[in-house]
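Before any comments, here is the structure.
The numbers here are math on the coordinates, done by the rules we state, and not lab data. From a predicted model like this one, the values you see are computed outputs, not experimental measurements. Note: ideal-geometry Cβ built from the backbone for every residue, glycine included; neighbour counts use all protein chains shown.
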Amino acid sequence: MPSLVIGGNGFLGSRLVRQLVESGEDVRVLTRPTSDLRTLTGLDVDHLTGDLFDADAVTHAMTGCDVVFHCAVDTRAWLRDPAPLYRTNVEALRSVLDVAARMPLRKFVFTSTAATIGRVDGRRATEDDEFNWAAQAPAYVQSRVAAEDLVMSRAQDGAVPALAMCVANTYGPGDWQPTPHGAFVAGAALGRLPFTIRGCRAESVGIDDAAHALLLAATRGEVGERYIVAERSIDIGEIVSIAAAIAHRQPPRLVLNRAALYAFGAVGSARAALTRKPVQLTIPSVRLMHFMSEMDHGKAERDLGWHPRPVTEAIADGARFWLERRAARRP
């Protein structure tokens with residue numbers, strides 16, 4: 001039976017699609033009509049288009065599938081108006097779950113975020129640590145928490161055989177946009193980064209390892225459970241140094257500490273308030289760079305048989321991707 005990947009053109013979704021195809025699976029991919037499909041170039045998939053609020057389109061895509069991977073998410077944490085975040089991350093998900101509840105699915109693998117894990121002191125956080133920092137969390141994180149809660153409630157009442165994968169910052173090849181954290185890799189590799197940062201650490205994982213965790217969850221994951229998908233906590237300064245070294249460059253000489261970064265974030269927040277336009281570097285976005293606790297991914301290792309490679313290798317691969325992309329553009 002085919003697997004359906006909703007949002008399969010995204011960074012994580014496309015790497016998951018690639019692994020499914022390479023393993024010999026029949027794969028359907030559901031995207032919006034306006035989606036950028038270059039991440040799926042050359043992959044033998046059944047590509048369908050449709051709006052997630054269109055129950056008929058989602059039903060058509062899901063019919064005959066035994067596993068659904070939900071990878072569609074709005075990650076624009078810098079938006080001033082949270083309405084688009086909730087529309088995609090919660091309400092569209094609700095519509096998909098309503099369809100899934102009518103299907104004989106074996107598993108519904110939901111891509112959540114490590115940001116839904118609670119903060120703790122004196123130890124590494126685990127899946128048992130419930131989200132506990134709503135007062136400091138930006139709307140993006142709150143929308144992801146609401147989404148995960150919705151999925152878990154459907155799993156607990158037996159409506160959908162769902163589980164949640166709490167994925168950390170992902171690094172590696174194919175980050176075309178790039179993601180906000182991937183921008184440090186691209187900038188360092190291409191020599192376009194004006195500064196580096198010290199003192200901001202975040203849980204991170206290689207993109208292909210994250211995709212493999214989702215693949216394993218489809219067969220080994222337990223319904224109603226959540227799994228941390230993170231290899232280690234790593235400082236942004238180390239990420240920049242790795243990417244710069246791959247390009248045989250020196251990291252930027254200007255080094256910002258956390259206090260300086262918050263100063264820039266304050267300026268960005270003020271600018272957003274004055275112009276009423278979204279700004280990527282704000283106090284909430286700076287907080288996301290370091291605020292969460294270090295995490296223990298032992299559950300994914302024990303239950304799923306997941307063994308990620310060092311994220312430092314994935315960061316290096318991501319830098320090579322940007323160098324190859326630049327080389328391909330040259331006449």
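If R0 is taken as 30 Å, the Cβ-Cβ distance between residue 328 and residue 80 corresponds to a FRET efficiency of 0.25. Within segment 1-102, the chymotrypsin sites (Phe, Trp or Tyr not before Pro) that combine a DSSP coil assignment with at most 15 other C-beta atoms in a 10 angstrom radius are 53.
Given a Förster distance of 51 angstrom, what is the FRET efficiency for residue 262 paired with residue 156, based on the Cβ-Cβ distance and rounded to 0.05?
Details: r = 39 Å, r/R0 = 0.77.
Calculated value: 0.85.
The mean of 1/r over all distinct Cα pairs in segment 115-236, once inverted, gives the Kirkwood hydrodynamic radius of 16.2 Å.
In plain terms, the chain from residue 19 to residue 275 could stretch by 87.8 nm, reckoned as 0.36 nm per residue minus the Cα-Cα distance.
Wrap a convex hull around the Cα atoms of the chain, take a quarter of its surface area, and give that in square nanometres.
Working: hull surface 68.0 nm².
So the Cα hull casts an average projection of 17.0 nm².
Can you give the FRET efficiency for residue 192 and residue 37, using 1/(1 + (r/R0)^6), R0 = 22 Å, r = Cβ-Cβ distance, to the nearest 0.05? E between residue 192 and residue 37, to the nearest 0.05, is 0.25. So what's the gap between the Cα centers of segment 160-226 and segment 1-74, to the nearest angstrom? Spelled out, the Cα-based centre of one part sits 19 Å from the other.
Helix 207-220 and the long axis of the chain differ in direction by around 30°, with both axes built from C-alpha atoms.
Projecting the Cα atoms of 295, 212, 264 onto the dipole axis of segment 209-331, where Lys and Arg carry +1 and Asp and Glu carry -1 at the beta carbon, places 264 farthest toward the positive end.
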